[in-house]
Amino acid sequence: MSTSTSADNPIYGPFFGVMGAASAIIFSALGAAYGTAKSGTGIAAMSVMRPELIMKSIIPVVMAGIIAIYGLVVAVLIAGQLDVPQNYSLYKGFIHLGAGLSVGFSGMAAGFAIGIVGDAGVRGTAQQPRLFVGMILILIFAEVLGLYGLIVAIYMYTK
Amino acid sequence: MSNKSKKATSGATDGGQQKLAKQRSHDYQDYSAFKVVLFYCSLIVFLPVVTFFVLKGFVLERFFTMSDIKVNIAAAVGAVAALHVSLGVYIYRAYFGGSKSSKED
């Protein structure tokens, strides 16, 4: 049994892959939760005076939820490749750890940005409806930060 | 005297009915907005997940020569594309449909 593991396929090889899958979803969910909570307080404060704007003001919450879906996709991709140490090289583990960390931390950064922009933007849109287009643009630019992390993670995953 | 009191009571009931009708229309608007938001939110949450697994199954079945990694990549890219299309449809609806309903108010 001990002869089947070697320097290239050590017993701790899958540990890095598992950590990659876990960090992908953990950090993405952390960012998405912060974005949802921060913009949710803004929506709750705004909706007291302008309840007809609910549909427009839900958009930051939806965009924060999408960040978590990026992490979910990468975590599912990595988890599909996990295997016993004999079939899972250490190199693969490193690649998967890098992919998970890249989408996880990018998602956390994007979630923080969406939360802060969503809070201020939703409160501002209640006062000046023309701000809506600007808020959407800023939210999209915050969202693509997470998308860049996803692209890098998928590119690493193909190596 | 009795006429007057009758008029007053009928006026009060009219006002009450108007208030009730207003309340009902508000409730109806809230309900329709809730239905739209719920539909789009469930679309955005579930469509990518369904697309991922359906695409994985179908691509695996149709193009059997593709490697496992390529199938996974195609499914992931398809899921993310479906996600952004549904988000774009929601923003379009919120931008154009939302302004119309606020004009009606």
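Quick note: the coordinates plus some simple rules give every number you see, no bench work behind them. This structure is a prediction, so every number in the text was calculated from the model and none was measured. A quick note on method: Cβ atoms are made from the backbone with ideal geometry, for glycine too, and the neighbour counts reach across all protein chains shown.
Please report, in whole Å, how far the alpha carbons of the stretch B:21-98 spread along each principal axis, starting with the longest.
Ordered largest first, the stretch B:21-98 gives principal extents of 64, 19, 14 Å.
Treating cross-link reach as a plain straight distance, find the aspartates and glutamates whose alpha-carbon is under 14 Å from the alpha-carbon of A:K92, omitting any fewer than eight places away in the same chain.
Result set, ordered by chain and number: A:D8, A:D83.
Per Stokes-Einstein, at 37 °C and 0.692 mPa s, what whole-number D in µm² s⁻¹ belongs to the stretch A:7-50, with the Kirkwood radius over Cα pairs as the hydrodynamic radius?
247
Select from B:I69, A:V73, A:N9 the residue farthest towards the positive end of the dipole of the protein assembly as shown; place +1 on Cβ of Lys and Arg, -1 on Cβ of Asp and Glu, and compute about the Cα centre.
Selected residue: A:V73.
If R₀ is 45 angstrom, what is the calculated FRET efficiency for the pair B:Y95 and A:V84, using the beta carbon separation as r and rounding to 0.05? Write out the running numbers ahead of the final one.
On the way: r = 51 Å, r/R0 = 1.14.
The calculated FRET efficiency here is 0.30.
Looking only at other chains, what is the average number of their beta-carbon atoms within 10 angstrom of each beta-carbon in B:79-90?
For this peptide, the per-residue mean of nearby foreign Cβ atoms is 3.
Pop the C-beta distance of A:Y148 and B:A81 into the FRET formula with R0 = 22 Å and round what comes out to the nearest 0.05. Walk me through the intermediate numbers first.
On the way: r = 16 Å, r/R0 = 0.72.
Efficiency computed from Cβ-Cβ geometry: 0.90.
Sort A:61-67, A:115-121, B:54-60 by packing, meaning the average of other beta carbons within 10 Å per residue, with the highest value first.
Most protected by this proxy first, the peptides run A:61-67, A:115-121, B:54-60.
Which of the residue pairs A:K38/B:K35; A:K56/B:K19; A:K38/B:K56 have a Cα-Cα distance greater than 31 Å in the structure shown?
Over 31 Å Cα-Cα: A:K38/B:K56.
Ratio of Rg to Rh for chain A, alpha carbon only, Kirkwood?
Radius of gyration relative to Kirkwood radius: 1.18.
Based solely on its DSSP helices, what 222 nm [θ] is calculated for chain A when runs of n ≥ 4 H residues each add -39,500 (n - 2.57) and the sum is averaged over all residues, nearest 500 deg cm²/dmol?
Only helices count here, giving -28500 deg cm²/dmol.
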